[in-house]
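Since the structure comes first, as structure tokens, the remarks are kept for the end.
The values are calculated or read from the model by the stated rules, or taken from the named source; none is laboratory data. Everything numeric in this text was worked out from a predicted model, so none of it was measured. A quick note on method: Cβ atoms are made from the backbone with ideal geometry, for glycine too, and the neighbour counts reach across all protein chains shown.
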Amino acid sequence: MNTFIDRILRNPATFEFLSLFVYALYCAVFAIAALPAALLIFWASQFLNGTVLMLSLFVLFCALAFYVFLVSAAVFVGLVERLITLGIKPGAYLIGSPVFFRWLINAGLHLWLVNLVLPFMRGNNWIKIYLRIAGAKVGKQTFVNTSDIYDPYLLEIGDNVLIGGEAFINCHLYENGFLNLGKIVVAEGTTIGAKAYLTPGTTTGRNSTIGMYTYLRRNTSMKDNDALITPPGMNIRQVVRAMKKNSD
């Protein structure tokens, strides 16, 4: 079965056809999400009569339509993602398996959302609403200032958590021909610094701190009140010279 799938994917014509089909699916999803905004603009255009006042109001309605698109896209795409990933659990899945293809289709759709919609929602309640719709568990009084959250259906965020700007929370990785999916648990009171990187299977302790640019390796478990901080960059040549000098 996997050999058959591998042959299909290696065929350029078949691969291009499948890619076009998937992209058409993504376009259809976002077209449906944009429908409320398009209807709002169409309704507002009926009142254009050439006056400065009506033109100004139309521009305001266009701005409102953009906001409506962001909200409707987050809600509708979140529902579609939840449907596609329904039943997917942590584990290792062979490349080419049905779960892998479901994950792959969802990952592409999610990537569109990450680039087109979620950057405008960082730091407000809408990104938390989207995460809950997509399957994540999000606690109270939580501040999420990043859009780089992948596989939210495998994410659990406790109460009073702060996630800094451009922190990267990723519940998947490829390894030895397998797609590995792992749950990420951010415990109550955790602070995650800007551009920190959390990988599958990581769990933070309560009231723990993860510093800026800190990388949590796969399946890392922090204790309560732990603090992981990446040291500042150092000139490695100077460090080596100093170590040799001390050893002499």
Yes or no: segment 100-121 includes at least one residue that is more than 13 Å from Ala33 (Cα to Cα), of a type in the set (Lys, Arg) and not in a helix (DSSP H, G or I). no
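Report whether or not Phe42 is free of Cβ contacts under 8 Å to residues at least 24 places away in the same chain, part of a helix (DSSP H, G or I), more than 30 Å from Ala107 (Cβ to Cβ) and not β-branched (Val, Ile, Thr).
Numbers: free of Cβ contacts under 8 Å to residues at least 24 places away in the same chain: yes; part of a helix (DSSP H, G or I): yes; more than 30 Å from Ala107 (Cβ to Cβ): yes; not β-branched (Val, Ile, Thr): yes.
For Phe42, the condition - free of Cβ contacts under 8 Å to residues at least 24 places away in the same chain, part of a helix (DSSP H, G or I), more than 30 Å from Ala107 (Cβ to Cβ) and not β-branched (Val, Ile, Thr) - is met.
Asn207 - would you say it is among the polar types (S, T, N, Q), part of a strand (DSSP E or B) and modelled with pLDDT of 95 or more?
Details: among the polar types (S, T, N, Q): yes; part of a strand (DSSP E or B): no; modelled with pLDDT of 95 or more: yes.
Considered against the rule, which asks whether it is among the polar types (S, T, N, Q), part of a strand (DSSP E or B) and modelled with pLDDT of 95 or more, Asn207 comes out as no.
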Looking at Glu188, is it at pLDDT below 95 and not in a strand (DSSP E or B)? no
Can you name every residue in segment 85-112 that is closer than 12 Å to His172 by Cβ and either surrounded by fewer than 16 Cβ atoms within 10 Å (Cβ to Cβ) or not aliphatic (A, V, I, L, M) (or both)? Thr85, Pro90, Gly91, Ala92, Tyr93, Phe100, Trp103, Leu104, Asn106, His110
With the requirement that a residue be surrounded by fewer than 22 Cβ atoms within 10 Å (Cβ to Cβ) and among the aliphatic types (A, V, I, L, M), what does segment 113-135 give you? Val114, Leu116, Met121, Ile129, Ile133
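Would you check if Ala74 is out of contact with any Pro (no Cβ under 8 Å at 6 or more places or on another chain), buried (at least 17 other Cβ atoms within 10 Å of the Cβ), in a helix (DSSP H, G or I) and not hydroxyl-bearing (Ser, Thr, Tyr)?
Details: out of contact with any Pro (no Cβ under 8 Å at 6 or more places or on another chain): yes; buried (at least 17 other Cβ atoms within 10 Å of the Cβ): yes; in a helix (DSSP H, G or I): yes; not hydroxyl-bearing (Ser, Thr, Tyr): yes.
For Ala74, the condition - out of contact with any Pro (no Cβ under 8 Å at 6 or more places or on another chain), buried (at least 17 other Cβ atoms within 10 Å of the Cβ), in a helix (DSSP H, G or I) and not hydroxyl-bearing (Ser, Thr, Tyr) - is met.
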Has segment 194-203 got any residue that is β-branched (Val, Ile, Thr), crowded, with 18+ Cβ neighbours inside 10 Å and touching a residue at least 40 places away in the same chain (Cβ under 8 Å)? no
Thr209, sole failed condition from (1) within 23 Å of the chain's Cα centre (by Cα); (2) β-branched (Val, Ile, Thr); (3) surrounded by fewer than 18 Cβ atoms within 10 Å (Cβ to Cβ): (3)
If you check Asn160 against the conditions, is it without any contact (Cβ under 8 Å) to a residue 24 or more places away in the chain, closer than 29 Å to Ser208 by Cβ and surrounded by fewer than 20 Cβ atoms within 10 Å (Cβ to Cβ)? no
Pick from segment 137-157 the residues that are within 14 Å of the chain's Cα centre (by Cα) and of a type in the set (Phe, Trp, Tyr): which of them is surrounded by the fewest Cβ atoms within 10 Å (Cβ to Cβ)? Tyr150
